[in-house]
1. In the stretch 62-92, how many are modelled with pLDDT under 85, within 21 Å of Arg35 (Cα to Cα) and among the charged types (D, E, K, R)?
2. Mind checking which residues of the stretch 48-86 are basic (Lys, Arg), part of a loop (DSSP other than H, G, I, E, B) and closer than 19 Å to Met1 by Cβ?
3. Do you know which of the residues in the stretch 1-24 that are in contact with an Asp or Glu (Cβ under 8 Å, 6 or more places away or on another chain) and of a type outside the set (A, V, I, L, M, F, W, C) is modelled with the lowest pLDDT?
4. Can you work out which of the residues in the stretch 48-61 that are surrounded by fewer than 17 Cβ atoms within 10 Å (Cβ to Cβ) and of a type in the set (A, V, I, L, M) is modelled with the highest pLDDT?
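The values are calculated or read from the model by the stated rules, or taken from the named source; none is laboratory data. In this text the structure is predicted, and so the values were computed from the model without any measurement. Heads up, the Cβs are rebuilt from the backbone with ideal geometry, glycines too, and the neighbour counts pull from every protein chain shown.
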Amino acid sequence: MVSFKYELGKDSLELQASDWSGLEKVYINGEMVSRKLNFGHQSEHLIKLKDGGQCLFKLFIDPFTNELTCRIYRRDQLLTSLKQGKNSLMQRQRILQQGLLLGSSLVLLFMLIPL
């Protein structure tokens, strides 16, 4: 699980991303306000804040540093850019996808071989 946290005024913002399930969740003050499955290289969450404003979370792999990056925008202005190390979520997700593909291929193979 990768977690990015940011304090915005009185609000505590957090994006959590699971390296196993691909599930991403965004929390404001501990309350989940967005979730989605993502096995790609980037995703976005547009959330509404309690003051009526909107906040955009962009999660992606930085092509220059190969780090998992979470950028948080408000009113089209970048508030922060948070980064995780090179053993990023997306690399672990790729390994999981390959394992699932291999496992499903083996199941299919055993189904086709008569006993």
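1. Looking only at that region, the number is 1.
2. So in the stretch 48-86, the residues basic (Lys, Arg) come out as 48, 50, 58, 71, 74-75, 83, 86.
Checking the rest, the ones that are also part of a loop (DSSP other than H, G, I, E, B) come to 50, 75, 86.
Lys86, the sole residue that qualifies.
3. Per the stated criteria, the residue is Ser18.
4. Leu56
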